[in-house]
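Beneath this line is the structure, given in structure tokens, with notes to follow.
The values are calculated or read from the model by the stated rules, or taken from the named source; none is laboratory data. Since the model is a prediction, treat every value here as computed from it, not as a measurement. Counting neighbours? That spans all protein chains shown, and the Cβs are built from the backbone with ideal geometry, glycine included. Keep in mind that these areas ignore ligands, DNA and RNA; they rest on the heavy atoms of the full protein, side chains included. Shrake-Rupley method; radii C 1.70, N 1.55, O 1.52, S 1.80 Å.
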Amino acid sequence: MEGGITLAIETSCDETAVALADAEGCILVSEVASQIAIHAPYGGVVPELASRNHNADLRPIVQHVLAKTGVDWSQISAVAATSGPGLASSLLIGDTTAKAMAAAKGCPFYSINHMEGHLLSPFIGVRTDMPPHTALIVSGGHTLLVRVRGVGDYALLGSTKDDAAGEAFDKVGKMIGLPYPGGPEIAKRAALGNPQAYDFPRSMIDSGDFEFSFSGLKTAVLYQLQKLGDSPSEEVIQDLCASFQEAVVEVLVTKLFLAAEADSSSLVTVSGGVSCNVHLRNHIETEAESRGICSLLARPDFSTDNAAMIAYAAVLRRRKGILGSSLQTDINPNLALADRV
Ligand code: KG4
Ligand code: ZN
């Protein structure tokens, strides 16, 4: 295994992120420049604006992480970047920058799948061997249940048929008139509301497979909102948020543990932006405890998009003896994580 420091870049959507990790996968620094304020007036990410801002922000952030840690260019022995899935014009900025750096330094380049970054993120700072487990990844673009056998050894157990969990939070937030992104805003209000106030559907909870669907739930919230008239009180909004969140969490938790049971897993992990959700975290920890199995949740700052998870994935690949990716490896906006079982 090679020593030295890995520099990783993540620009798959609207966060410009850079991190440094040492040869054991310890994160020396992880910086994220959020573009939330730039995209908020549009209620979602505008690809053209995202790539322009990645272009402007990336170089200063790279210089900043080096200055902050006192790491010298000569200590960088690998460069990694997210190559998909994500917005093509955003991915290109990080990918080409990382390739140029690796070529200039003559060091390995690692092309990393963003979802693998999320998948491995619960283990950052915990351990570098990868035990078999059942993983739930819940982000703005994906809801995936994955069987993990080791680094790079993944099988897809199920995914969403329509909206991702985070997407449902964001769309419901938009319907209610909350700022973008809706997830944290809904969670804040849900903490003050009654989760039993509205009986929203738990779509596909009894489907007997590991697939998800959240668009029916979103429509049910829309109909309820229409019934509530023009300006529902803050308490009504809190109840609506709590009931919606309860429905999402119940389905996610139920399916995760069904999958773990089917795979005889003694460990479940949860990652991706929605894993910041405190209600989801509490439910998973309680359920795991009652079943006598372990749960590992990504740290909130490693849950939403960041480059620490990309650096960590590259280090784990390197520790496995994978020497890097070809500089010809292209970005792929639809890059898949794994084949279905
Ligand atoms: O992983 P991520 O940063 O980006 C993607 O790869 O998509 O996830 C962002 C998603 C957004 O949909 C956001 O609303 C959601 O994570 N999110 C939350 C919370 N914090 C972020 N959803 C529910 N509760 C939260 N506390
Ligand atoms: Zn993500």
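For the chain, the longest principal axis of the alpha carbon atoms and the long axis of helix 47-69 meet at an angle near 60°. Angle check, please: helix 278-291 long axis (alpha carbons) against the longest principal axis of the chain (alpha carbons), in degrees 0 to 90, nearest 10. So the inclination is approximately 90 degrees.
Nothing charged except the Cβ atoms of Lys and Arg (+1) and of Asp and Glu (-1): what's the magnitude of the dipole of segment 249-336 about its Cα centre? Round to the nearest 20 debye. Walk me through the numbers before you get to the answer.
On the way: 8 positive and 9 negative charges, 89 e Å.
Using Cβ point charges on Lys, Arg, Asp and Glu, segment 249-336 gives about 420 debye.
Remark: for residue pairs Lys68/Lys171; Lys68/Lys99; Lys68/Lys174; Lys99/Lys171; Lys188/Lys227, the C-alpha separation exceeds 28 Å in Lys68/Lys171; Lys68/Lys174; Lys99/Lys171.
Ranking Ser215, Gly229, Leu87 by Cα position along the charge dipole of the chain, where only Lys, Arg, Asp and Glu carry charges on their C-beta atoms, puts Leu87 farthest toward the positive end.
Could you give the angle, 0 to 90 degrees to the nearest 10, between helix 234-262's Cα long axis and the longest principal axis of the Cα atoms of the chain? That helix lies at roughly 60 degrees to the long axis. For a paramagnetic label modelled on Gln75 (point 7 Å from Cα along Cα→Cβ), amide N atoms under 19 Å away belong, within segment 1-43, to 2-9, 18-32.
Where Rh denotes the Kirkwood radius from the mean inverse Cα pair distance, what is Rg over Rh for the chain? Write down the numbers at each step before the final one.
Details: Rg = 20.1 Å, Rh = 20.5 Å.
Rg/Rh: 0.98.
Between segment 212-268 and segment 120-139, what is the separation of their alpha carbon centroids in Å? Segment 212-268 and segment 120-139 have Cα centres spaced 25 Å from each other.
Can you pull out the GluC sites (Glu not before Pro) in segment 6-39 that DSSP calls coil and that have at most 16 other Cβ atoms within 10 Å?
Working: sites: Glu10, Glu15, Glu24, Glu31; in loops: Glu24.
Here the sparse-neighbourhood loop sites are Glu24.
A 1.4 Å probe run over the chain, with the rest of the protein chains in place, finds 41 Å² accessible per residue. Taking a ≥ b ≥ c as the square roots of the Cα gyration tensor eigenvalues, with a/c under 1.5 meaning rounded and otherwise prolate when a/b beats b/c, else oblate, which class fits segment 133-297? Prolate is the answer for segment 133-297, as a/c is 1.5 or above and a/b outweighs b/c. A cut-off of 5 Å between modelled amide H atoms, ignoring neighbours fewer than 5 places along the same chain, links Ala78 with Ile5, Leu7.
Loop-resident trypsin sites (Lys or Arg not before Pro) (DSSP state other than H, G, I, E or B) in segment 246-341 with no more than 15 further Cβ atoms inside 10 Å of their Cβ: Lys320. Here the accessible area is traced with a 1.4 Å probe on the protein chains. For the chain, carbon and sulfur cover 51 percent of it.
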